[in-house]
Structures are given as C-alpha cells and as structure tokens.
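Contents: one structure, followed by commentary.
The values are calculated or read from the model by the stated rules, or taken from the named source; none is laboratory data. Model, not experiment: these values are computed from the prediction. For neighbour counting, all protein chains shown are included, and Cβ atoms are generated from backbone atoms with ideal geometry for every residue, glycine included.
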Amino acid sequence: MTDTTSPSPATTEADVLASIRASTRGTLIERMGIEILEASPSGALGTMAVEGNTQPYGLLHGGASVVLAETLGSYAAMLHAGEERQAVGIEVSATHHRGVRTGLVTGRATALHLGGTTASYEIVVEDSASKRVCTARLTCLLIERRGA
C-alpha cells in the first residue's frame, strides 16, 4: 500500500502540481510514466502510457492500472489529510473491464468519503476512446505525520 506524504507547502493549484511532480522523482510513479494533471482533496486526474506497462500478451498490465489508481487516490487523500498528517493506503480493489494495447490511459479519482481518519475514492481508468478499462476503490488511513 502507498504511504503518501505531503509535498512541500503550496498555495496555488500550479504550486500543488509542481510540488507533487517533484515528489515523484525516483519513484515507481516516475518509472511508470504517470503524470498528475489535477489534484485536490476531492479527487485527482492523471495519465499513464500503455507502452512499457504491459504484460506478456501486450495488454496493459492490470497491476499498472492499480498503480495509477492508487497513486491518484493517494495524492487526493494526502491533500485532504493536510500538513500535519499523511495518507497511508489500507485497502485497494480493482475490476478490470477491457484490455488496451496502445496509447494513454487516463484515471480520475473521485472522493467517496472524506472523514477525519479515512478517505475513500473511486478511480475510473479509461482508454483514449473514453472506454472504461478499470474501476478501482481505495481507502487511505490518515495518520500523524512521522519523520522521513
């Protein structure tokens, strides 16, 4: 599960995105080519290339879809958690609806529950033709920030 901590404090949406992008350097997120396009406590939007994230049959690996989903939900949960807390993924599930072989997939996380101790998101991953590839659900526990 992810352990997502807040990037440095930011004031504008552009600052938030720049801070998020800086926090992905050297991580699985960067290696998979995930790009975060929007992020707020209520949700997040991002893309990932299919190429380089496939299984032996040439289809987008289901685990790659889950990594995209968990990344988007975790960043939204981190923003909901605020500066004194961090978001830790405690449950993720996914249903894979169709295969995709080329192009970009786009994921959109939408808040289902924004509580004091947990945040839950539905994440829909679609192909470039806006056909649903995967539906995931993520729950994050919001805990006190611990030292790095």
Positions within the stretch 97-132 being β-branched (V, I, T) and touching a helix residue (DSSP H, G or I) at 6+ places or on another chain (Cβ under 6 Å), in sequence order: I123, V125
With the stretch 1-103 as the region, which helices (runs of 4 or more DSSP H) entirely inside it contain at least 2 residues that are modelled with pLDDT under 95? 13-23
Of the residues in the stretch 32-48, those that are closer than 15 Å to V66 by Cβ and free of Cβ contacts under 8 Å to residues at least 40 places away in the same chain come to M32, I34
Just wondering, is there one or more residues in the stretch 41-51 that are surrounded by 19 or more Cβ atoms within 10 Å (Cβ to Cβ), touching a Pro at 6+ places or on another chain (Cβ under 8 Å), of a type outside the set (A, V, I, L, M) and closer than 19 Å to L138 by Cβ? no
Selected residue [of a type outside the set (S, T, Y) and in contact (Cβ under 8 Å) with a residue 40 or more places away in the chain] from G107, G52, G26: G107
I'm checking my understanding of the structure. Among residues of the stretch 108-148 that are touching a Cys at 6+ places or on another chain (Cβ under 8 Å) and either outside any strand (DSSP E or B) or among the polar types (S, T, N, Q) (or both), which one is farthest from P41 (Cα to Cα)? T118
Based on what the data block shows, is L114 touching a His at 6+ places or on another chain (Cβ under 6 Å), surrounded by 13 or more Cβ atoms within 10 Å (Cβ to Cβ), over 22 Å from V133 (Cα atoms) and of a type outside the set (S, T, Y)? yes
